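First the structure, in the form of structure tokens, and then the observations on it.
Nothing in this text is a laboratory measurement; each read-out follows from the coordinates by a stated rule. For clarity, every value in this text was computed on a predicted model and none was experimentally measured. Every residue, glycine among them, receives a Cβ derived from its backbone with ideal geometry; neighbour counts consider all protein chains shown.
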Amino acid sequence: MILRGAIKGVGRLTKGVVGGYRGPMLKAVFPGSFDPPTNGHLNLIERASSIFDETDVVIAANKSKDYLFTAEERFEMISELVKPFSNVKVFLWDKLIVDFAKKAGARILLRGVRALADFGYEFELAMTNRGLASGIETIFMPTDPQFFVLRSSAIKELAGFGGDVSSMVPPIVAIALKKRLGSA
């Protein structure tokens with residue numbers, strides 16, 4: 001027996017059946033600047049790909065923000081890094097993330113948190129997004145412990161001083177940092 005509409009407001013149904021029940025398809029949006037993409041980002045993407053039917057990684061293209069890498073460069077790096085995950089797609093977006101989620105038919109925004117300081121900021125952002133689009137939920141996912149201290153800004157600073165960031169970022173990102181900063 002297939003129960004349709006068992007969870008109010010959740011759209012399409014998955015192809016798989018669990019315990020005789022065909023559940024709703026869950027699509028998540030994982031937004032961020034990804035400047036640069038880190039192993040922590042990849043950890044969250046990998047875990048999201050095993051939880052959600054589809055995960056859209058949405059790279060911010062905010063013209064009022066200064067980035068080390070262009071939106072296109074970040075798009076290329078993330079696209080290469082997510083190739084192993086057939087249910088992950090990558091997009092560039094220069095508008096409100098809730099507008100992307102609505103357009104994509106996603107009801108979940110996935111946000112990574114490392115520490116309490118992250119949570120305060122992310123909670124305020126979640127409340128703002130909820131006010132803009134009450135049908136979209138924000139789910140906070142902590143990074144695995146080995147990625148606890150990885151902040152993109154700290155990685156860029158360390159790489160700029162010639163520090164070894166190879167344990168913090170995927171190899172293609174380490175190469176891109178070295179080319180951009182002349183070290184890493």
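Pairs of lysines in the range 20-130 whose Cα atoms sit within less than 25 Å of one another amount to 18, provided the residues are eight or more positions apart or on different chains. Label sites at GLN146 and MET25, each approximated as a point 7 angstrom past Cα along Cα to Cβ, lie 3.4 nm apart. Toward the positive end of the charge dipole of the chain, about the Cα centre and with charges on Cβ (Lys, Arg +1; Asp, Glu -1), which of LEU42, MET168, GLY131 goes farthest? Among LEU42, MET168, GLY131, the one farthest towards the positive end of the dipole of the chain is GLY131.
Counting charges near PRO37 (Lys, Arg +1; Asp, Glu -1) among other residues having Cβ under 11 Å from its Cβ returns a value of -3. A simple count of charges around SER152, restricted to other residues whose Cβ falls under 11 Å of its Cβ and scoring Lys, Arg +1 and Asp, Glu -1, yields +1.
Here is the result for the range 26-75: no chymotrypsin sites (Phe, Trp or Tyr not before Pro) lie in DSSP coil with at most 13 other C-beta atoms within 10 angstrom of their C-beta. Here's the list of aspartates and glutamates a cross-link from LYS178 could span, going by alpha-carbon distance under 15 Å and ignoring same-chain residues fewer than 8 apart: ASP35, GLU73, GLU157, ASP164. The Cα trace of the range 27-149 gives Rg and Dmax of 13.6, 35 Å, the first to one decimal, the second as a whole number. Using Cβ point charges alone (K and R +1, D and E -1), the dipole size of the range 32-184 about the Cα centre works out to roughly 180 debye. Simple spin-label estimate for SER50 and MET127 gives 3.4 nm between the two label positions (7 Å along the Cα-to-Cβ direction from each Cα).
Close amide H pairs (under 5 Å, H built 1.01 Å from N) link LEU92 with ILE59, residues at least 5 positions away or on another chain.
Put in line by how crowded their Cβ is, counting other Cβ atoms within 10 Å and starting with the fewest, ILE108, ILE51 read ILE51, ILE108. If you restrict to DSSP beta bridges whose two residues both lie in the chain, what percentage is antiparallel, to the nearest 5? Counting only bridges with both partners in the chain, antiparallel ones make up about 10 percent. MET141 sits among other residues whose Cβ lies under 12 Å from its own Cβ, and their net charge, with Lys and Arg +1 and Asp and Glu -1, is -1. Approximating the spin labels as points 7 Å out from Cα along Cα→Cβ, the GLU73-to-LYS103 distance works out to 2.5 nm. Close amide-amide hydrogen proximity is noted between VAL113 and MET141, THR143, each under 5 Å apart and 5 or more residues distant or on a separate chain (H modeled in the peptide plane; Pro and chain starts excluded).
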